[in-house]
């Protein structure tokens, strides 16, 4: 029987160089989507799926994330003096959404695999959800729930995936190959990271949202010792090693989803527009404004 998943690791150590100078003093994933930072939207999806323990892997440049999810007594006091009890309650909801912990990415080598290694002591011997802090989905059922249900049915490492046949996506995502064993699950036998424009070996792209198993850490540690110091430790290295050792790795094709990638300027603007139009507070007026622009 699969161990229950109650933990998540959110990678949020990136410099956000594509958004400089805006990201010089503010972490990219703290940019607002209406009135919530991007990373809060990601966390809310985890909580919706029943994740209780959330660990953030940060860098010295992304410490404002930690401040967002921790109490801010001085601000609460200021709001109380102004009679803004509703806003105080909203801030407390954020602070109490889950058990939050924070750690720094290990020094030395760069790469997602190295960032994941930074969370080993916190994760322990339990399976966990791994997310990138600048990508999320609106889905039915919720995308994290889809991941967890896939793991419960097929215990092993689970890769969240979408179908895409766009040639340019070959330079953006990793792609998996394997045998489809159900309507939504593929047993993975190969993984290629960013094969290049028009060179994807399949139409199943590996995206944000994964269930990692504790066995992955020993493979990352082995690679960390073997790779030259200047070489990045990609998470795909550990996944490939698991596959080579016949450990079960599966690809879940997300269902009924909308994908939001706020990692680049255009993706961020798309998220602002789509979610702005759906806002109960400003959506109607925003739509009227866009219509007046006669785009």
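Given (1) at pLDDT 90 or above; (2) loosely packed, with under 13 Cβ neighbours inside 10 Å, identify the lone condition not met by residue 177.
Tallying (1) at pLDDT 90 or above; (2) loosely packed, with under 13 Cβ neighbours inside 10 Å, residue 177 fails exactly one: (2).
One line per residue, one yes/no per condition, for (1) out of contact with any helix residue (DSSP H, G or I) (no Cβ under 8 Å at 6 or more places or on another chain); (2) assigned to a loop (DSSP other than H, G, I, E, B); (3) at pLDDT 90 or above:
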{"residue": "2", "(1), (2), (3)": "no, yes, no"}
{"residue": "8", "(1), (2), (3)": "no, no, yes"}
{"residue": "26", "(1), (2), (3)": "no, yes, yes"}
{"residue": "40", "(1), (2), (3)": "no, no, yes"}
{"residue": "47", "(1), (2), (3)": "yes, no, yes"}
{"residue": "65", "(1), (2), (3)": "no, no, yes"}
{"residue": "101", "(1), (2), (3)": "no, no, yes"}
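Please state which one of 95, 107 is in contact with a helix residue (DSSP H, G or I) (Cβ under 8 Å, 6 or more places away or on another chain) and free of Cβ contacts under 8 Å to residues at least 60 places away in the same chain. Lay out the reasoning, then the answer.
On the way: 107 fails: in contact with a helix residue (DSSP H, G or I) (Cβ under 8 Å, 6 or more places away or on another chain).
Checking each option against the conditions leaves just 95.
For (1) free of Cβ contacts under 8 Å to residues at least 40 places away in the same chain; (2) surrounded by 15 or more Cβ atoms within 10 Å (Cβ to Cβ); (3) out of contact with any helix residue (DSSP H, G or I) (no Cβ under 9 Å at 6 or more places or on another chain); (4) within 19 Å of residue 117 (Cα to Cα), each residue gets a yes or a no:
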| position | (1), (2), (3), (4) |
| --- | --- |
| 207 | no, yes, yes, no |
| 217 | no, yes, no, yes |
| 220 | no, yes, no, yes |
| 229 | no, no, yes, yes |
| 238 | no, yes, no, yes |
| 242 | no, yes, no, yes |
| 245 | yes, no, no, no |
| 250 | no, yes, no, no |
| 254 | no, yes, no, no |
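Any idea which of 190, 267 is touching a strand residue (DSSP E or B) at 6+ places or on another chain (Cβ under 7 Å) and without any contact (Cβ under 8 Å) to a residue 12 or more places away in the chain? Spell out how you get there, then give the answer.
On the way: 190 fails: without any contact (Cβ under 8 Å) to a residue 12 or more places away in the chain.
Residue meeting the stated conditions: 267.
Show the residue pairs that are 6+ apart or on different chains and have beta-carbon atoms under 6 Å apart, the first residue being within the stretch 10-28 and surrounded by fewer than 22 Cβ atoms within 10 Å (Cβ to Cβ), the second being not in a loop (DSSP other than H, G, I, E, B).
16/28; 19/28
Here is a check on your reading of the model: is residue 127 at pLDDT 90 or above and either under 30 Å from residue 62 (Cβ atoms) or touching a helix residue (DSSP H, G or I) at 6+ places or on another chain (Cβ under 6 Å) (or both)?
Here the answer is yes, as residue 127 does meet what is asked.
For the stretch 154-177: of the residues being in a strand (DSSP E or B) and more than 21 Å from residue 138 (Cβ to Cβ), which is farthest from the chain's Cα centre (by Cα)?
Initially, the stretch 154-177 is screened for residues in a strand (DSSP E or B), giving 157-163, 174-177.
Remaining after also requiring more than 21 Å from residue 138 (Cβ to Cβ): 157, 174-177.
Working: 157: 16, 174: 15, 175: 17, 176: 19, 177: 22 Å.
Among them, the one singled out is 177.
Quick one: would you say residue 137 is under 30 Å from residue 274 (Cβ atoms), touching a strand residue (DSSP E or B) at 6+ places or on another chain (Cβ under 8 Å) and buried (at least 19 other Cβ atoms within 10 Å of the Cβ)? Let's see the steps before the verdict.
Details: under 30 Å from residue 274 (Cβ atoms): yes; touching a strand residue (DSSP E or B) at 6+ places or on another chain (Cβ under 8 Å): yes; buried (at least 19 other Cβ atoms within 10 Å of the Cβ): yes.
Considered against the rule, which asks whether it is under 30 Å from residue 274 (Cβ atoms), touching a strand residue (DSSP E or B) at 6+ places or on another chain (Cβ under 8 Å) and buried (at least 19 other Cβ atoms within 10 Å of the Cβ), residue 137 comes out as yes.
Quick one: is residue 274 exposed (fewer than 15 other Cβ atoms within 10 Å of the Cβ) and free of Cβ contacts under 8 Å to residues at least 40 places away in the same chain?
Details: exposed (fewer than 15 other Cβ atoms within 10 Å of the Cβ): yes; free of Cβ contacts under 8 Å to residues at least 40 places away in the same chain: yes.
Considered against the rule, which asks whether it is exposed (fewer than 15 other Cβ atoms within 10 Å of the Cβ) and free of Cβ contacts under 8 Å to residues at least 40 places away in the same chain, residue 274 comes out as yes.
The values are calculated or read from the model by the stated rules, or taken from the named source; none is laboratory data. As the structure is a computational prediction, the values presented were derived from the model and not from experiment. Reconstructed Cβ throughout: ideal geometry from the backbone, glycine too, with neighbour counts over all protein chains shown.
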